[in-house]
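What follows is a single structure, written as structure tokens, with notes after it.
Just so you know, all these numbers are worked out from the coordinates, no wet-lab data involved. Owing to the predicted nature of the structure, the values given are computational and were not obtained by experimental measurement. Ideal geometry is used to build each Cβ from the backbone, glycine not excepted, and the neighbour counts take in all protein chains shown.
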Amino acid sequence: MWIDSHCHLNHPKFDGLPPADIANQALGQGVDGMVSICCRISEELPQLLDIAALDDRIWCSIGTHPHDAGIEAEQAISEEELIRLAQSSPKIVGIGESGLDYFYDNSPRDLQEQSFRKHIRACKETGLPLIVHTRDAEEDTRRIMDEENKDGKLKAVMHCFSSAPWLADWALEQGFYISFSGIVTFKKSTELQEVARRVPADRILVETDAPFLAPMPNRGKTNHPEMVALTGEFVANLRDEKVKTFAKQTSENFFRLFDKAAA
Ligand SMILES: [Zn+2]
Ligand SMILES: [Zn+2]
């Protein structure tokens, strides 16, 4: 019934459970598809492709997380190489997660920017959607994406949206999608809930970002892809929509944006 547009099936924080178990449990509990997101191409890609090979309903992405933009092996991957790799498998349906994280600043900001630009260019070249991670970096996110997307042809999703509402407005104007994680279910997320209420129906996605950010009432526990239903139901209620209708709508949105997954 739901698609988890963003999770990390290979993450060690799943209480030591193998990715196949995590995925199968989700597929048995109402999840119709999931994208396992790449953070370090140099280390993760073969593993993510193996996981995606387990089932027709599992896909993956390729990309360097802003936290890892300073790693030499990631910097060594040229734009051309990124493009070549992204096109090397039908299972790779998006590029990212890439972007800017000024909350943690785990990598120098200039290297985050360099990596972000490389990913945007690879998206424009391949037509694949960009999975954007941005935290405490609204101005630079808009500036860089505007500079790299002069022709307006970039396809993108603002994943785990938790930025200022104006960034959502800007993203929607660009034709981008907004994806909500468990954060939207937290009591204090009133501003974010307001954003989730007004994103147009054809531009909204849901995700878990599992194993992180479990939605209420599981906050603080290990998140799993099937918990996407809790976030989905919460947002459907916020928007006064029937849960089934909203699930169908978000799945249609997913396949429109990640059209390689629909093929
Ligand atoms: Zn992220
Ligand atoms: Zn993530």
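So which GluC sites (Glu not before Pro) in segment 122-211 end up in coil per DSSP with only 11 or fewer other C-beta atoms within 10 Å?
Values: sites: Glu125, Glu138, Glu139, Glu147, Glu148, Glu173, Glu191, Glu194, Glu207; in loops: Glu207.
Answer by residue number: there is no such site.
Could you sort out which of Lys124/Lys260; Lys188/Lys248; Lys118/Lys221; Lys13/Lys155 sit more than 23 Å apart by Cα distance in this structure?
Values: Lys124/Lys260 15 Å; Lys188/Lys248 28 Å; Lys118/Lys221 35 Å; Lys13/Lys155 31 Å.
Beyond 23 Å: Lys188/Lys248; Lys118/Lys221; Lys13/Lys155.
For each of Met34, Met158, Met1, count neighbouring Cβ atoms within 10 Å of the residue's Cβ, then give the residues from fewest to most. The partial results should precede the final answer.
Working: Met34 30, Met158 27, Met1 15.
The fewest-first ordering by Cβ neighbours comes to Met1, Met158, Met34.
Run lengths n ≥ 4 of DSSP H only: what is the helix-derived mean residue ellipticity at 222 nm for the chain, with -39500 (n - 2.57) per run over all residues, to the nearest 500?
Details: 11 runs with 110 residues, N = 263.
That calculation yields -12500 deg cm²/dmol at 222 nm.
Run the dipole for segment 33-262 about the Cα centre, Lys and Arg Cβ at +1, Asp and Glu Cβ at -1, nothing else charged, and hand back the magnitude in debye, nearest 20.
Working: 28 positive and 38 negative charges, 170 e Å.
Computed charge dipole of segment 33-262: roughly 820 debye.
What distance in nm separates the two pseudo spin-label positions at Glu194 and Asn237, each 7 Å out from Cα along the beta-carbon direction?
2.1 nm
How would Phe14, Phe103 line up from fewest to most surrounding beta-carbon atoms within 10 angstrom? Provide the component values of the computation, followed by the final result.
On the way: Phe14 19, Phe103 11.
By the 10 Å Cβ count, ascending, the order reads Phe103, Phe14.
Please identify every one of the trypsin sites (Lys or Arg not before Pro) in segment 1-80 that sits in a loop by DSSP and has no more than 14 other beta carbons within 10 Å of its own beta carbon. Kindly include the intermediate steps, with their values, before the conclusion.
Details: sites: Lys13, Arg40, Arg57; in loops: Lys13, Arg40, Arg57.
Answer in residue order: Lys13.
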